[in-house]
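Below is one structure, written out as structure tokens; the observations come after it.
No value in this document is a laboratory result; all are computed from the given coordinates. Not measured: the values here are computed from a predicted model. Note that each Cβ is placed from the backbone with ideal geometry, even for glycine, and that neighbours are counted across all protein chains shown.
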Amino acid sequence: MTPLARWARTEWGLLYATVRGPLAKRRLRAVPMTAGAVCLTALLQFAQNQSWGYRFVQEAGAVRAADPLWAALLRTPLSLFVPALDLPVWGALAQILVVFGIAEVCLGWWRTLAVAYVATLAGTLYARLGIALGPHGPLGLPASDARVVDTGPSAAVVGLAVYLGWRYGASVTAGGVAAAMAVEVALKDNLAGKEHLAAIAGVAALCAAVPVGTRLWHRRRQRRPGPGPGPGRGPGPGSRTGSGRSGLPPIQS
């Protein structure tokens, strides 16, 4: 095995093994949420390019920093699937199909949507903060960006890529995605690039919170008293007093 192949196996082996079986066996049936998201994105793209659908899509899924916060929060979930008008729609469809599909197999559909929403919401909230800071600071944005329509799956895709890299040991991939977004901002300082960095920051905070929450949950389970053997009864059959073995692996904190 060549060094490159060995590195690829170390970096992506666990992720590949997780995804390969379900996709080979069930194909699109393994990713129903992703298939639905691709269809929804295509439908919204078609609708917003029609005279009868443009206004509806804008009112339901177009987010601007100039909008009231409550309206932006209501529109943010659908904004993930509204393609940007100035970009080719096939790019958004490919991003959703590949990254959302891998994430759905690995995380399940609701965790995929949760991570995607955290990343997108981080970008949406950052836009307001950046405009409040003004254009002169490194994190600031010009006031004209408040009127920019902010839609599309790119922030969610970036956040999911980083989260999957962290969870499945592909640290070089996660770091490479973050570095690429930093280079994007350095070369083209715009709202979209900085929102991608905000999405990465939001997902990084989520990654930091997950182990803490998991440890607290495990500790609560360990402290919870279990049913005793009852008066006059000894340990049940197959149990080993003091060994900590009950047929299930112990919870690791």
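Summary of computed values
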{"item": "Relative exposure of HIS196, HIS136, judged by other C-beta atoms within 10 Å (fewest first)", "result": "HIS136, HIS196"}
{"item": "R0 of 41 Å, Cβ-Cβ distance LEU73-VAL172: FRET efficiency to nearest 0.05", "result": "0.70"}
{"item": "Per-q log10 I(q)/I(0), the range 31-114, q = 0.19 Å⁻¹ (Debye; single scatterer per alpha-carbon; no solvent)", "result": "-0.87"}
{"item": "Rg and Dmax of the range 10-219, Cα atoms only, in Å", "result": "17.4, 57"}
{"item": "Positive minus negative residues near ASN190 (Lys, Arg vs Asp, Glu; Cβ under 10 Å)", "result": "-2"}
{"item": "Distance cut-off 21 Å, percentage of C-alpha pairs in the range 100-185 lying past it", "result": "38 percent"}
